[in-house]
Amino acid sequence: MTSLLPQSAPPTAGHPGKLIQPDWAEIVRITPETEGISTFWLRFIDPQVRERYHFQPGQFNMLYLPGYGESAISMSSDPEDEERLVAHTIRFVGTVTKNIGRLKVGDVIGVRGPFGTSWPMKQIEGRDLVLACGGIGLPPLRPAIYHIIRNREKYGKVTLLYGARTPKDLMYPDEHEEWQRHDIHMEISVDRGDENWDGRVGVVPMWFYNFRIDPRNTAVLTCGPEIMIRFVIYEGLARRIPAERIFVSLERNMKCGQGSCGHCQIGPYFICKDGPVFPFSVLQRYVNVEEY
Amino acid sequence: MLDITISRGTTVALSKAEFDLLLADLRENGYQTVGPRVQDESIVYADIQTLADLPRGVQTEQEAGHFRLMRGASNNYFDFIPAADSWKKFLFPPRVDLLTVRKGKGWEYVETETATPRYALVGVRGCELAAIEIQDKIFIRPDFYDPTYRLRREGLFIIAVNCLHPAGTCFCTSMGTGPKVQGSYDLCLTELDDVFLVEIGSELGRSLLSKRKYDLPSAFVQNIANQRLARAVQEMGRSLDTRDLPGLLTEPENLEAARWDEVAKRCLSCGNCTQVCPTCFCWDATDSVNLSATQASRTRVWDSCFNPAYSYVFGGNTRPTIRARYRQWLTHKFGAWKEQFGTLGCTGCGRCITWCPAKIDHVAEIAALREEVNS
């Protein structure tokens, strides 16, 4: 399989020569985000791992909680974080993540990674960008936002379409102002408002018609519920953005992160190593095959 | 011993008594000799010491959902066609302990010593050797390898055997893997009534054989072997048209064919086909803890794309129906596999057909799909 997108170097956390043996990291900070979602800031205990570990925006780690198992979680922090901390914004929904939710600062968990392809930040330089995400789809895009801010002059118009269920579910509200200050245009919406909400109500793909798009020079990065992704793609294509410039991050059941356990396949691709980020052009054959 | 120079590619005639000495020599050299044995009215691969442990004079009758051992016409050791068991279990064991951690200040690994067994596989068929070579591509890649598989594979000694009596569910000729062995082996046997013709495939095989009493086979004997191999091709139980593969099984339009609904009514989603398949490689990692929750372990186990949990993510199952799961298996094996690993995932061994409790014949399913999409 030839690589479709920027490929990761081999994982730098996790013991080579062992199939799935993580390195240990300490939880140094826990930031509650919304109901049932927190961000866990991790520092590798082994200084050598801390030194050599680097990730690209859009990649993920396998987090290991002994006795419960592993879960594939995207990084949500700045890849160039000065303290070399690695953050994961986690929704507590499964066996592993619910129990990660009970951990405290100072607790230790296992980490393998980074795995998978990344958002093609180099390839899309010079382009206008539409970042379209819903719910827990924002965290995997946040490292890309930090990268854009750090290299703001390399990108054209940047629009962030972000939807959540309710105003209380909007994540990273403290940072929105900062993002806007760096000329990131934000279109925020919720499925259901409350008494204080005077913003938009609706679903993310609707807001494609709120701003001008130059199809010859726009790239879309999207992450979120599959139904949202599907309609973001349709809107992008309807606005004549070519499929090769619509980048999608997919989620599947994963056990290994290295294209070995088989679980995450879609057609010929292993989402863990050929993805999670794909140009839509390669997925086009498969996305509308029912239950594929 | 005759003064004959033997090298890779040479074929010699070896008596069966001498073959037993060769097995003993392998064991003296630290190999665990494993081969076919009769067990539970079937055939399994297990420890063997001498030819006497093998299923002598046994043939097999195989059809969709049907397997029987029969008394054969000869007293030969390799007249049967393998059963559900495959060599896969020696290289990719059904259960492997991955790690154990103990709770201290944080977590620390409990080091466990695991000696890697050195296996000598006795009686590897063409389809089975092809299956090992397919799994090599999966478990030993430039960017990744499975340590358990690699260590076991590197120490492997392979005694292959040409098939002379294919079963009803065999279709190795269609897949280009047999009945004559195609892959790389150390030694390859063709069994005649009183001797083995042994072809040398490696330096290790040559040096082992050089200590035995052998003879050069007469043209007459070689002729008999060739005739029997040619007859085996004729007696192949099934045939699969591969000319339009993998496309037939990867074209998105074909993934919505009515045939998938039809086969889904019969498929039990039991996963037997994936467990007996010598190339299926999916695995799961399971977790366990001791009673005081101070120690936790992870174990790798075989998984199957027919398990509903296989494609579960929070919020639902990607493949909730049997139709979707059967389609995933067949279109991976005969379709997407090619793009992933440069070869189809099937070697024509026929196990998935023999051991399907619902008698689903995947060769017939492919033909039916072809008929539907071409009509």
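List of remarks:
- The listed residues are A:G236, A:G275, A:G262, and the only one of them that is small (G, A, S) and facing chain B (nearest Cβ under 10 Å) turns out to be A:G262.
- Among the conditions (1) among the charged types (D, E, K, R); (2) under 20 Å from the mean Cα position of the chain (by Cα); (3) crowded, with 24+ Cβ neighbours inside 10 Å, the only one that B:K338 does not satisfy is (3).
- Spans of helices (runs of 4 or more DSSP H) in region B:41-158 with at least 2 residues among the aliphatic types (A, V, I, L, M): B:126-139
Yes/no matrix, rows are residues, columns are (1) over 25 Å from A:G259 (Cα atoms); (2) among the charged types (D, E, K, R); (3) at pLDDT below 95:
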{"position": "A:E26", "(1), (2), (3)": "yes, yes, no"}
{"position": "A:T39", "(1), (2), (3)": "yes, no, no"}
{"position": "A:D46", "(1), (2), (3)": "yes, yes, no"}
{"position": "A:F60", "(1), (2), (3)": "no, no, no"}
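Residue by residue, here is whether (1) closer than 27 Å to B:M175 by Cβ; (2) surrounded by fewer than 23 Cβ atoms within 10 Å (Cβ to Cβ); (3) within 14 Å of chain A (Cβ to nearest Cβ); (4) touching a helix residue (DSSP H, G or I) at 6+ places or on another chain (Cβ under 8 Å) holds:
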position: B:A64; (1), (2), (3), (4): yes, yes, no, yes
position: B:F67; (1), (2), (3), (4): yes, yes, no, yes
position: B:K103; (1), (2), (3), (4): no, yes, yes, no
position: B:P117; (1), (2), (3), (4): no, yes, no, yes
position: B:L121; (1), (2), (3), (4): yes, no, no, yes
position: B:E128; (1), (2), (3), (4): yes, no, no, no
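- Residues of region A:97-126 satisfying the condition of being assigned to a helix (DSSP H, G or I) and either more than 12 Å from chain B (Cβ to nearest Cβ) or under 19 Å from the mean Cα position of the chain (by Cα) (or both): A:T97, A:I100
- Restricting attention to region A:39-73, the residues being within 14 Å of another protein chain (Cβ to nearest Cβ) and either without any contact (Cβ under 8 Å) to a residue 40 or more places away in the chain or not basic (K, R) (or both) number 18.
- Residues (in a loop (DSSP other than H, G, I, E, B) and modelled with pLDDT of 95 or more) located in region A:241-260: A:I241, A:P242
- Any hit, region A:84-91, residues being more than 14 Å from chain B (Cβ to nearest Cβ) and modelled with pLDDT under 95: yes
- For region B:290-323, a tally of residues being surrounded by 15 or more Cβ atoms within 10 Å (Cβ to Cβ), facing another protein chain (nearest Cβ under 8 Å) and either under 20 Å from A:C272 (Cβ atoms) or free of Cβ contacts under 8 Å to residues at least 24 places away in the same chain (or both) returns 10.
- The condition of being touching a helix residue (DSSP H, G or I) at 6+ places or on another chain (Cβ under 9 Å), assigned to a helix (DSSP H, G or I) and surrounded by fewer than 17 Cβ atoms within 10 Å (Cβ to Cβ) holds for B:A264.
- One residue stands out among those in region B:78-118 that are among the β-branched types (V, I, T) and in contact with a strand residue (DSSP E or B) (Cβ under 8 Å, 6 or more places away or on another chain): the one that is farthest from B:N290 (Cα to Cα), which is B:I81.
- Elements of type helices (runs of 4 or more DSSP H) in region B:328-375, at least 2 residues being of a type in the set (A, V, I, L, M) and assigned by TED's automatic domain parsing to the domain that holds B:Q275: B:362-374
- Qualifying residue in region B:268-284 (condition: over 30 Å from B:F90 (Cβ atoms) and either touching a residue at least 60 places away in the same chain (Cβ under 8 Å) or within 11 Å of another protein chain (Cβ to nearest Cβ) (or both)): no
The values are calculated or read from the model by the stated rules, or taken from the named source; none is laboratory data. Treat the numbers as computed from the prediction; the structure is a model and nothing was measured. Note that each Cβ is placed from the backbone with ideal geometry, even for glycine, and that neighbours are counted across all protein chains shown.
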